[in-house]
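Trainee: Next up is a structure, given as C-alpha cells.
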Amino acid sequence: MQPDGPLASETWRRSVGAGLLGVSAAGGFVVAVLGGLESRLVWRSGRVVLPWGLVLGLAAAVSVVLVAGRRSKLHGLVAAGGWVLGLLGLLLGGPGGDYVIAADPLGYGYAFPGVLAAVVTATLGGRRP
C-alpha cells in the first residue's frame, strides 16, 4: 500500500530501493555460501573428473549478479559485494580452524574465478540509460 502525496511517494520509492539493495546483498551472500559448499562436488568416471559443483557455483555467482544488475548497476555491484563477503566468511574459517574452501585446485577454482566473474559481471552489466 503506497501512501498519498508527492513527498510520501518519494519516501516510498526510496524505502523500496533500499530494501531491494538489501535483497541484492543477501542474495549474493547466500549464493556464495551455497556455491562454496557445493563446489567440492565432482563426478568421476574412470580417469575423467567433472567438477559439476564448481561449474554450478560459478554459474550461480554470475546469475545472481546479472539478475540484480537488471535493476541497476548499483544493485549488481551490491550483489557482487555480498558474494565476496560470503566467500570471505568461508575462507576465514571457524573457531576450530575449519575452512570450507580448501587450498586445492577446486578451492582456488571457486574463489578466484568467482570473484573475477562477479566483479566483472557487475561492472560490465547493469541496465543502460
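Trainee: Quick test of your reading of the structure: Ala61 fulfils all but one of (1) within 18 Å of Gly22 (Cα to Cα); (2) modelled with pLDDT under 85. Name the failing condition by number.
Mentor: In the conditions (1) within 18 Å of Gly22 (Cα to Cα); (2) modelled with pLDDT under 85, Ala61 misses (2) alone.
Trainee: Go through region 37-80 and give me each residue that's of a type in the set (A, V, I, L, M, F, W, C), more than 13 Å from the chain's Cα centre (by Cα) and closer than 25 Å to Leu124 by Cα.
Mentor: Narrowing region 37-80 to residues of a type in the set (A, V, I, L, M, F, W, C): 37, 41-43, 48-50, 52, 54-56, 58-62, 64-68, 74, 77-80.
Then drop every residue that is not more than 13 Å from the chain's Cα centre (by Cα), which leaves 37, 41-43, 48-50, 52, 54-55, 74.
Leu54, Val55, Leu74, listed by residue number.
Trainee: Those residues that are modelled with pLDDT of 80 or more and more than 19 Å from Leu54 (Cβ to Cβ), I need them from region 93-124; list them, please.
Mentor: Ala122, Thr123, Leu124
Trainee: Shifting gears a bit: Of the residues Arg127, Arg44, only one is outside any helix (DSSP H, G or I) and modelled with pLDDT of 85 or more; which?
Mentor: None of the other options fit; the residue is Arg44.
Trainee: Next up: Only one residue in Gly89, Gly27 is more than 17 Å from Leu124 (Cα to Cα) and modelled with pLDDT under 85, so which one is that?
Mentor: Working: Gly27 fails: modelled with pLDDT under 85.
Being more than 17 Å from Leu124 (Cα to Cα) and modelled with pLDDT under 85 holds for just one of Gly89, Gly27, which is Gly89.
The values are calculated or read from the model by the stated rules, or taken from the named source; none is laboratory data. Note that the coordinates shown come from a computational prediction; the quantities given were computed from them, not determined experimentally. When we count neighbours, we look across all protein chains shown, and the Cβ atoms used for this are built from the backbone with ideal geometry, even at glycine.
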